[in-house]
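Here, each number is a calculation from the coordinates, and none is a lab measurement. Predicted, not measured: the structure shown is a model, and the values here were computed from it. When we count neighbours, we look across all protein chains shown, and the Cβ atoms used for this are built from the backbone with ideal geometry, even at glycine.
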């Protein structure tokens, strides 16, 4: 049994550990714009502020999937989209390898969608690297569709995908 909920401000150590685990994933260079070296070098205050900002308020929310024994198995964050006032931007999606294919990504993205709807937003937007077929497939399963728009980042070309709420 897994539960999905919004993180709490005092859980910055767990949030940091899960982020570092995500950045150590073999496809992290396709999935994230941040490097493990850069994230590892951040002081505790960085992680405390980042977690606090995602635990409270209406501009960002981080969700975590917890197993029955309390293990943090996955996460996603939704931010107010700077470019689309009616949408939330999904970032930092990660499910630990041993918990993949168990419905966690669906549960995390559903929690993100519920939160975004509560803000009055009509869609979730995300960007996914064109070479990250595993992630593209997972997002499609979760109701995201390619918009036809491509973005360029330091790690290459990414599809823009949208999920109507």
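What's the extension gain from residue 28 to residue 147 if we count 0.36 nm per residue and subtract their Cα-Cα distance?
Roughly 40.5 nm would be gained on extension.
If you rank 19, 50 by fewest surrounding Cβ atoms within 10 Å, what's the result?
Result, fewest neighbours first: 50, 19.
Rank the residues 25, 69 as a footprinting-exposure proxy: fewest other Cβ atoms within 10 Å of their Cβ go first.
With the sparsest Cβ surroundings first, the list reads 69, 25.
Tell me, 2, 147 in order of fewest to most beta-carbon neighbours within 10 Å?
147, 2
Starting from the Cα of residue 154, move 7 Å in the Cα-to-Cβ direction to define the label point; list residues of region 111-139 whose amide nitrogen is under 16 Å from there.
The answer is none, because no backbone nitrogen lies closer than 16 Å to the label point.
Can you tell me, using C-alpha contacts under 8 Å and at least 6 residues apart, the relative contact order of the chain as a whole percent?
That works out to 20 percent.
Restricting to DSSP H runs of at least four residues, report the calculated mean residue ellipticity at 222 nm for the chain, -39500 (n - 2.57) per run over all residues, nearest 500 deg cm²/dmol.
-10000 deg cm²/dmol
Region 127-165 to region 51-108: how many Å between their Cα centroids?
One Cα centre to the other: 16 Å.
Once the piece of chain linking residue 37 and residue 117 is laid out straight, how much longer is it, given 0.36 nm per residue of separation minus the C-alpha distance between them?
Working it through step by step, the gained length comes to 25.3 nm.
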